[in-house]
Amino acid sequence: MKVCTDSCVFGAWMAAKIKYRFPKTILDIGTGTGLLSLMVAQKNGGLIHAIDINNDAVSQAKENFDLSPWSKQLQACGGDIKTWPATSKYDCIISNPPFFEDDFLPIEEGKKNSKHSNSLRLAELVAAVTDLLAADGFFGVLLPYERAEYFEKEAIKYLLFVNEQLRIRQSIEHDYFRTILILEKKQNPIIKSEISIRNNNNEYTPEFIALLKDYYLYL
């Protein structure tokens, strides 16, 4: 499983948001390698449950967790979020879900599940989060830019409201290609921001460097 730059932006941005809200319990849906959980743990306390339907991904995440300085607060779990037997609500939920619905599917099963929502559709994700999120909790999700509006409409059906939005561009000359949303069960005016990964000289922008400098070895 590759580590994508947009996932790193998501992890760093959410870790910064979580830092000021002190959640005691965090759920990472579709953890893959465990990247997001590790980035959040680097900046925050709290117990983190990282769930994935792919057993190989769970094994890799567990290995990564065990080798990290934050292993005591990280737990990799195998399972389907649609039937996840949680015993309590989570203060924070994060997810980099499968992106594409009804598109051409790659042959290799792991890639198919990680990028395509054949195992977890976006509407199903919203329903699961609604059940698992505490009344005063918050939910961060990374989406393709063109899917964000659809996701927001689905979330409103479950009384989940977008309160923050970060739009991401590859460079200052590119169109937006990813959106990060923070949703809650209470509605507030939406705080909107954006970030470009590179400038006209194909160098990382100051905003990107400031966000990722604590996570990249060479930046």
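ALA148: of a type in the set (Gly, Ala, Ser), under 22 Å from ASN44 (Cβ atoms) and either at pLDDT 95 or above or part of a helix (DSSP H, G or I) (or both), yes or no?
On the way: of a type in the set (Gly, Ala, Ser): yes; under 22 Å from ASN44 (Cβ atoms): no; either at pLDDT 95 or above or part of a helix (DSSP H, G or I) (or both): yes.
In short, no.
With open to solvent by less than 50 Å² (accessible area, probe 1.4 Å) and at pLDDT 90 or above as the only criterion, which of LEU67, LEU122, LEU47 stands out? If you could, list the steps in order and put the result at the bottom.
Details: LEU67 fails: open to solvent by less than 50 Å² (accessible area, probe 1.4 Å); LEU47 fails: open to solvent by less than 50 Å² (accessible area, probe 1.4 Å).
None of the other options fit; the residue is LEU122.
Working only within the stretch 159-168, note down all residues that are open to solvent by 40 Å² or more (accessible area, probe 1.4 Å) and either within 17 Å of the chain's Cα centre (by Cα) or among the polar types (S, T, N, Q) (or both).
Restricting attention to the stretch 159-168, the residues satisfying the condition of being open to solvent by 40 Å² or more (accessible area, probe 1.4 Å) are 159, 167.
Within the stretch 159-168, just ARG167 meets the criteria.
Does TRP84 satisfy being among the aromatic types (Phe, Trp, Tyr) and closer than 20 Å to VAL141 by Cβ? Let's see the steps before the verdict.
Values: among the aromatic types (Phe, Trp, Tyr): yes; closer than 20 Å to VAL141 by Cβ: yes.
Yes: the conditions hold for TRP84.
Would you mind stating whether GLY79 is in contact (Cβ under 8 Å) with a residue 12 or more places away in the chain, on the phi > 0 side of the Ramachandran plot and of a type outside the set (Phe, Trp, Tyr)? Show your work before the answer.
Numbers: in contact (Cβ under 8 Å) with a residue 12 or more places away in the chain: yes; on the phi > 0 side of the Ramachandran plot: yes; of a type outside the set (Phe, Trp, Tyr): yes.
So GLY79 fits the description; yes.
Any residue in the stretch 1-27 that is in contact (Cβ under 8 Å) with a residue 60 or more places away in the chain and farther than 23 Å from LYS192 by Cα sitting within a Cβ distance under 7 Å of a residue that is open to solvent by 50 Å² or more (accessible area, probe 1.4 Å) and in a helix (DSSP H, G or I)? List the pairs, counting only those 6 or more apart or interchain.
What qualifies is MET1/SER114.
Go through the stretch 165-206 and give me each residue that's within 28 Å of ASP91 (Cβ to Cβ) and not in a strand (DSSP E or B).
Of everything in the stretch 165-206, those that are within 28 Å of ASP91 (Cβ to Cβ) and not in a strand (DSSP E or B) turn out to be LYS185, LYS186, GLN187, ASN188, PRO189, ILE190.
Give the residues of the stretch 1-26 that are surrounded by 13 or more Cβ atoms within 10 Å (Cβ to Cβ), farther than 22 Å from GLY45 by Cβ and among the β-branched types (Val, Ile, Thr), sorted by residue number.
THR5, VAL9, listed by residue number.
In the stretch 44-68, which residues are without any contact (Cβ under 8 Å) to a residue 24 or more places away in the chain and in a loop (DSSP other than H, G, I, E, B)?
LEU67
Quick one: which of GLU184, GLU154, GLU203 is open to solvent by 60 Å² or more (accessible area, probe 1.4 Å) and either on the phi < 0 side of the Ramachandran plot or out of contact with any strand residue (DSSP E or B) (no Cβ under 7 Å at 6 or more places or on another chain) (or both)?
On the way: GLU184 fails: open to solvent by 60 Å² or more (accessible area, probe 1.4 Å); GLU154 fails: open to solvent by 60 Å² or more (accessible area, probe 1.4 Å).
The match here is GLU203.
The values are calculated or read from the model by the stated rules, or taken from the named source; none is laboratory data. Note that the coordinates shown come from a computational prediction; the quantities given were computed from them, not determined experimentally. Ideal geometry is used to build each Cβ from the backbone, glycine not excepted, and the neighbour counts take in all protein chains shown. Ligands, DNA and RNA are stripped out before the accessible areas are found, and what is left, the full protein with its side chains, is counted by its heavy atoms. Shrake-Rupley method; radii C 1.70, N 1.55, O 1.52, S 1.80 Å.
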